[in-house]
Amino acid sequence: EQFKDVCKTLENHYRDMQDMEFTVEHGKLYMLQTRNGKRTAQAALKIACDLVDEGMRSEQEAVAMIDPRNLDTLLHPQFDAAALKAATPAGRGLGASPGAACGKIVFTAEDAESWHARGEKVVLVRLETSPEDITGMKAAQGILTVRGGMTSHAAVVARGMGTCCVSGCGDIAMDEENKRFTLAGKEYHEGDYLSIDGTTGNIYDGQIPTVDATIAGEFGRVMAWADKYRKLKVRTNADTPADARKARELGAEGIGLCRTEHMFFDEDRIAAFREMICSDTAEEREAALEKILPYQQGDFEKLYEALEGYPVTIRFLDPPLHEFVPTEEADIEKLAAAQGKTVEEIKNIIAGLHEFNPMMGHRGCRLAVTYPEIARMQTKAVIRAAINVQKEHPGWKVKPEIMIPLICDVKELKYVKKIVVETADAEIKASGIELYYEVGTMIEIPRAALTADEIAAEADFFCFGTNDLTQMTFGFSRDDAGKFLTAYYDSKILENDPFAKLDQNGVGKLMDMSIKLGKPVNPKMHVGICGEHGGDPSSVEFCHKIGLDYVSCSPFRVPIARLAAAQAAINQK
Ligand code: PEP
Ligand code: MG
């Protein structure tokens, strides 16, 4: 009884669950120590709800008690706790996309697909991934790469899919050709079991069973409180209707970024896309674009449907075209046949697309400047889809937001916007219905931030592409920085990966400056962020402070962003 009284006194005093140490000696109770008890994510939610129900904490305090990063574990499969305790990691990479995965090792996307089709669970191990690996990545339980940082292709795509990913494990000595690798002195072959943890980055030899995460009832209660107190809206980065629906389930209030290039990964689509890239003349390109248009329009219709009238930001084609060209001889031959060209001619076109620094090369709005027909086709697809869905759902307010990437000068935006507006207005006029659309831009090049007042005059919205903005502000390649960042942490030059946690002093200053320059020129303009930082709690807090309207992140990070946004608002008060 005496012990229970002391417990109550301590819990009432600290207004939190206590981890207490005590002893009883010669019939006397001694309290040795007390501290706030450590807790799992699920327990944290339960404790927060109990404290509110007991009148000990306000809703705001309860929301502020929970570490948003821990919610990740509630949304993905985890290793069986007892089995994990008995396991020792064989190596470690970056925890690039949360969750746990266990399966047989495969080395190619094709093997991942075919093994998966015959009912095997696989872990795809690659040096790095590229757009051609997408279907294999989808089929895998988890993805492990030797190279690449937190915003490498593997990391970004895996997070979008909600698939576990460990990236940048440089300790792996890879022999892709012979389908084997060595880690911590052991040679692994195709078919060997491997277990990886995308939260910690740990890699385990053999099988560790996984369990599906369950969302306890308290999760919904805490999220409802968070929504009550946050000011920032939370959107999602989604390229497929399935991702969009998942994000809506998790509370997203719109799409902040649809990367349209991700819609071309399926085999028949990539064929049409390659024909477009490997065209010699505008006529050839337009003929290929005609094939692509119905695919894009169909996808956009499904996105608008999934979003039920919430805004959808569609970003025009962004990556360098050479990322899509075929590398396999058979694919090159197929493309040559489809184009009525020789294999030699196709190879010459591909060679002509080679760039020494593609990230700063022919990509983003530069593609629309050189090939306006691409922007024209994408506008038609966006607007025709919106018209169709609007007609079908008169009660919704379908609102496409067309986003032009990689702008560095207002004249670029003006140039592309003219193509968009002329095409869109003609489509809307012909449809006979009213449709409101916006044309905005990403701010992801330092020069765009520095001239944000000029750009704001032409933009309905700004959206910070902090992946590229970080890359270009630091001058660190987002795909290669993982290789040297560890040395930077060891030398205490950097504390965190600036691609994961926003560098508020530098990149953040450019964002703040953009808003301060842009808003007075165009007060109606809305401002968001869609780089990976949009799902990082400390970055979300910064976005709240500098007055963004929304953050946009991968579907599985939406609850984290909602909670972080609420905490930012509560802490500010
Ligand atoms: C960005 O640069 O932050 C962005 C969202 O675009 P992407 O990652 O597609 O370059
Ligand atoms: Mg970008």
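In the set (1) open to solvent by 50 Å² or more (accessible area, probe 1.4 Å); (2) in contact with an Asp or Glu (Cβ under 9 Å, 6 or more places away or on another chain); (3) modelled with pLDDT of 95 or more; (4) not hydrophobic (A, V, I, L, M, F, W, C), Arg69 fails one condition alone, (3). Hey, any hits in segment 420-442 for a residue that's aliphatic (A, V, I, L, M), within 16 Å of ligand 1 (Cβ to nearest atom) and touching a helix residue (DSSP H, G or I) at 6+ places or on another chain (Cβ under 6 Å)? No; the residues of segment 420-442 include none that is aliphatic (A, V, I, L, M), within 16 Å of ligand 1 (Cβ to nearest atom) and touching a helix residue (DSSP H, G or I) at 6+ places or on another chain (Cβ under 6 Å). Of everything in segment 460-479 that is in contact with a Ser or Thr (Cβ under 9 Å, 6 or more places away or on another chain), within 15 Å of Met360 (Cβ to Cβ) and touching a residue at least 40 places away in the same chain (Cβ under 8 Å), the residue that is nearest to ligand 1 (Cβ to nearest atom) is Asn467.
For segment 318-333, give me each residue that is under 25 Å from Asp239 (Cβ atoms) and open to solvent by 30 Å² or more (accessible area, probe 1.4 Å).
Start the filter on segment 318-333 by keeping residues that are under 25 Å from Asp239 (Cβ atoms), which leaves 318-328, 331.
Within segment 318-333, His322, Glu323, Thr327, Glu328, Asp331 meet the criteria.
Tell me which residues, restricted to segment 522-553, are assigned to a loop (DSSP other than H, G, I, E, B), open to solvent by 10 Å² or more (accessible area, probe 1.4 Å) and not β-branched (Val, Ile, Thr). Within segment 522-553, Asn522, Pro523, Lys524, Asp536, Gly547, Leu548, Asp549 meet the criteria. For segment 457-474, the candidate set comprises residues that are among the aromatic types (Phe, Trp, Tyr) and open to solvent by less than 10 Å² (accessible area, probe 1.4 Å); within that set, the residue that is nearest to ligand 2 (Cβ to nearest atom) is Phe464. If you go through segment 113-154 and keep only what is surrounded by fewer than 22 Cβ atoms within 10 Å (Cβ to Cβ) and of a type in the set (Gly, Ala, Ser), you end up with Ser114, Ala117, Gly119, Ser130.
Scanning segment 349-367 for residues that are open to solvent by less than 10 Å² (accessible area, probe 1.4 Å) and not charged (D, E, K, R) yields Gly364, Cys365, Leu367.
Flag: Ala448 matches the condition of being within 16 Å of ligand 2 (Cβ to nearest atom) and under 24 Å from the mean Cα position of the chain (by Cα).
Is there a residue being without any contact (Cβ under 8 Å) to a residue 12 or more places away in the chain, more than 13 Å from ligand 1 (Cβ to nearest atom) and not polar (S, T, N, Q) anywhere in segment 399-412?
Just the residues of segment 399-412 that are without any contact (Cβ under 8 Å) to a residue 12 or more places away in the chain, to begin with: 411.
Among the residues that remain, those that are also more than 13 Å from ligand 1 (Cβ to nearest atom) are: 411.
Pick out the ones that are also not polar (S, T, N, Q) and you get 411.
Within segment 399-412, one or more residues are without any contact (Cβ under 8 Å) to a residue 12 or more places away in the chain, more than 13 Å from ligand 1 (Cβ to nearest atom) and not polar (S, T, N, Q).
All conditions in (1) more than 16 Å from ligand 2 (Cβ to nearest atom); (2) at pLDDT 95 or above; (3) open to solvent by 10 Å² or more (accessible area, probe 1.4 Å) hold for Thr486, with the sole exception of (2). Glu110 fulfils the conditions (1) open to solvent by less than 30 Å² (accessible area, probe 1.4 Å); (2) part of a helix (DSSP H, G or I) except for a single criterion, (1).
The values are calculated or read from the model by the stated rules, or taken from the named source; none is laboratory data. Since this is a predicted model, take the numbers as computed values, not measurements. Glycine also receives a Cβ, built like all others from the backbone with ideal geometry; neighbour counts cover every protein chain displayed. Calculation scope for accessible area: heavy atoms of the full protein, side chains included, ligands and nucleic acids excluded. Shrake-Rupley method; radii C 1.70, N 1.55, O 1.52, S 1.80 Å.
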